[in-house]
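As structure tokens, the structure follows; a few thoughts come after it.
The values are calculated or read from the model by the stated rules, or taken from the named source; none is laboratory data. Model, not experiment: these values are computed from the prediction. Neighbour counts run over all protein chains shown; Cβ positions are idealised from the backbone, glycine included.
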């Protein structure tokens, strides 16, 4: 158990909000943040000796034996001490796990050496940056990092991007692997725009989706993975056709974890979401409302004949609300049915 903090036990120290101890020599100086009160008090004494001040010391014999030290030297020593004692949960110094389940390399405060897929890669990148700046830090892989040589943070960030891209490349044009979802994503590039074509379980299906989109956009000028389609180019922007086939309705995907249904619609390469629903029919109706909002043809609807019915029901509800407001009584059921029937017939 850690010793109880007593502010009067040592001179020139203070505890911060994280439970660590700051060495505070006179003249508003700072000599590092330490894990124990004794270390902070000793650091304060050595700075006092460095400044030549006539002040009482916490550890006269030990501080004079170690010798005077400047505040900057004590700050650096505090960081080194913390680095030796603080081992992260992944077992490497200067490596942290992100929310995306990747590992970031941080050689020192304010330095960044890229995101990596494994903690070993991040630790090695951190070590090479430490060597580049000549920092007095403990290395995770001393022999391997020195054999590879020092590298700047920019070089390590670029190496991280290249390593990531190497794992996501495909043999087909316009296809890459979405590592997070484990699916193959297809994209088309034309006229300065990028069109997202969706994600596929099969790499070949993604490549064919790319070819069809590029054929519609550029025609005979398109560079394709396979033979050109046996049809005329439409000249229209492509739309995604890669929604997971987990529902019998168009534009509805059922999530495996939650069991809820997601209503989605791809318009000009942009995915439009209509929310999550418990039933597939509710999600399908939400998809239809999106189609009507963007002016898509009736062939894209799951329920092309339900539009008039929904309009009639909405108008009937508004009429019922006006009746209640004017008469201050519930609407009779027979009157409500008549309103719906009249509106449905009228449309």
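Residue-wise test of (1) closer than 17 Å to residue 78 by Cβ; (2) surrounded by 19 or more Cβ atoms within 10 Å (Cβ to Cβ).
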site: 22; (1), (2): yes, no
site: 27; (1), (2): no, no
site: 42; (1), (2): yes, yes
site: 52; (1), (2): no, no
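If you check residue 190 against the conditions, is it within 23 Å of residue 272 (Cα to Cα) and in contact with a strand residue (DSSP E or B) (Cβ under 8 Å, 6 or more places away or on another chain)? Break it down into steps so the answer makes sense when it comes.
Details: within 23 Å of residue 272 (Cα to Cα): yes; in contact with a strand residue (DSSP E or B) (Cβ under 8 Å, 6 or more places away or on another chain): no.
No: the conditions fail for residue 190.
Those residues that are surrounded by fewer than 19 Cβ atoms within 10 Å (Cβ to Cβ), on the phi > 0 side of the Ramachandran plot and at pLDDT 80 or above, I need them from the stretch 149-192; list them, please.
The answer is 149, and nothing else.
Table: residues versus (1) within 46 Å of the chain's Cα centre (by Cα); (2) outside any helix (DSSP H, G or I); (3) surrounded by 18 or more Cβ atoms within 10 Å (Cβ to Cβ); (4) modelled with pLDDT of 80 or more.
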{"position": "1", "(1), (2), (3), (4)": "yes, yes, no, no"}
{"position": "5", "(1), (2), (3), (4)": "yes, yes, no, no"}
{"position": "48", "(1), (2), (3), (4)": "no, no, yes, yes"}
{"position": "55", "(1), (2), (3), (4)": "no, yes, no, yes"}
{"position": "61", "(1), (2), (3), (4)": "no, no, no, yes"}
{"position": "69", "(1), (2), (3), (4)": "yes, yes, yes, yes"}
{"position": "80", "(1), (2), (3), (4)": "yes, no, no, no"}
{"position": "83", "(1), (2), (3), (4)": "yes, no, no, no"}
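With the checklist (1) at pLDDT 85 or above; (2) surrounded by 19 or more Cβ atoms within 10 Å (Cβ to Cβ); (3) in contact with a helix residue (DSSP H, G or I) (Cβ under 7 Å, 6 or more places away or on another chain) in hand, flag the one item residue 137 doesn't pass.
(1)
Could you tell me how many of the residues in the stretch 193-240 are assigned to a loop (DSSP other than H, G, I, E, B) and closer than 22 Å to residue 165 by Cβ?
Of the stretch 193-240, the ones assigned to a loop (DSSP other than H, G, I, E, B) are 201-202, 222-240.
So of that shortlist, the ones also closer than 22 Å to residue 165 by Cβ come out as 201-202, 223, 225.
Looking only at that region, the number is 4.
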